[in-house]
Amino acid sequence: THFATAYRDEGGADYLCARIGSVSGTTITMGTEKEMTAAAITEDSLAICTPTDGVIAIAYADGDDDTAVIAAPYTGTTVGTLGSVVEFDAAAPTDISCCRMQSGYIFVCYTDAGGSLYGRVASVSTAGAIGTPGTEKAIVAFIPTYLNAVYVEENKVIIGYEDNANDVEAVACTTVSGATTITAGTATNFSGAISATDVGLDMIDNTQGIIKWDDGT
């Protein structure tokens with residue numbers, strides 16, 4: 001009955017903002033906009049997720065063009081007091097995605113000039129406090145685009161993306177309960193050699209998913 005959205009408020013001061021909406025039948029009622037930063041963020045992509053019940057977290061490129069994460073608890077459609085911002089990577093991201101890794105933990109993946117798709121996991125408390133991120137994991141050794149990180153089940157996520165040959169791929173990552181070390185599986189090509197221009201991914205349940213792409217025609 002509720003959803004959250006995050007965006008860069010270009011009509012305002014380029015701050016990171018979030019709003020929670022409630023759904024009843026076909027009626028959507030939006031809560032009050034919450035400014036999540038007090039300074040402008042860059043135009044790189046951002047992503048929002050619920051790492052634990054009652055908390056939203058947003059991964060974004062901050063004013064220094066670093067990958068950062070901020071979280072806050074919510075009640076109904078009201079976003080509460082913000083936790084402190086935690087930097088996950090000190091290099092300019094070209095794409096960002098995030099999702100829950102396990103109850104109380106966030107998985108963030110991003111690409112930068114380092115030449116890989118990277119991931120990190122951190123704890124998130126019910127008050128929106130983000131713990132120290134685990135060691136950065138190089139997941140694939142190239143820079144993909146259109147990142148889609150999706151929760152599969154506790155301690156497992158899957159990432160869909162377009163690879164460096166413009167093909168559609170996905171890779172699964174796991175961790176151990178209560179830990180922040182990532183283990184990455186082998187990437188699977190879903191499309192063969194094509195020139196994809198968009199990729200989307202979602203799970204149907206914890207053993208089946210669906211992936212879509214635009215093949216250029």
Exercise. When you scan segment 101-217 for strands (runs of 3 or more DSSP E) that lie fully inside it, which ones turn up with 2 or more residues that are closer than 19 Å to Ala59 by Cβ?
Worked result: 105-111, 117-123, 137-140, 145-153, 156-162, 168-174, 198-203
Exercise. Can you name every residue in segment 61-100 that is closer than 20 Å to Gly21 by Cβ, part of a strand (DSSP E or B) and not basic (Lys, Arg)?
Worked result: Ile70, Ala71, Ala72, Pro73, Tyr74, Thr75, Thr78, Val79, Cys98, Cys99
Problem set entry | Residue among Val85, Val108 that alone is among the hydrophobic types (A, V, I, L, M, F, W, C), more than 13 Å from Ala6 (Cα to Cα), crowded, with 24+ Cβ neighbours inside 10 Å and in contact with a Ser or Thr (Cβ under 9 Å, 6 or more places away or on another chain) | Val108
Exercise. Got at least one residue in segment 11-34 being under 19 Å from Ile130 (Cα atoms) and part of a loop (DSSP other than H, G, I, E, B)?
Worked result: no
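Quick grid of which residues meet (1) more than 22 Å from Tyr105 (Cα to Cα); (2) surrounded by fewer than 18 Cβ atoms within 10 Å (Cβ to Cβ); (3) not aromatic (Phe, Trp, Tyr):
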site: His2; (1), (2), (3): no, yes, yes
site: Val23; (1), (2), (3): yes, yes, yes
site: Ile28; (1), (2), (3): yes, yes, yes
site: Asp53; (1), (2), (3): no, yes, yes
site: Ile58; (1), (2), (3): no, no, yes
site: Asp66; (1), (2), (3): no, no, yes
site: Val69; (1), (2), (3): no, no, yes
site: Ala72; (1), (2), (3): no, no, yes
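Sort through Ser125, Ser45, Ser103 and tell me the only one that's crowded, with 17+ Cβ neighbours inside 10 Å and among the hydroxyl-bearing types (Ser, Thr, Tyr).
The match here is Ser45.
Read the figures in this text as sums done on the coordinates, not as results from a lab. These numbers were taken from a predicted model, which means no experiment stands behind them. All Cβ positions, even for glycine, are placed from backbone atoms using ideal geometry, and neighbour counts span all protein chains on display.
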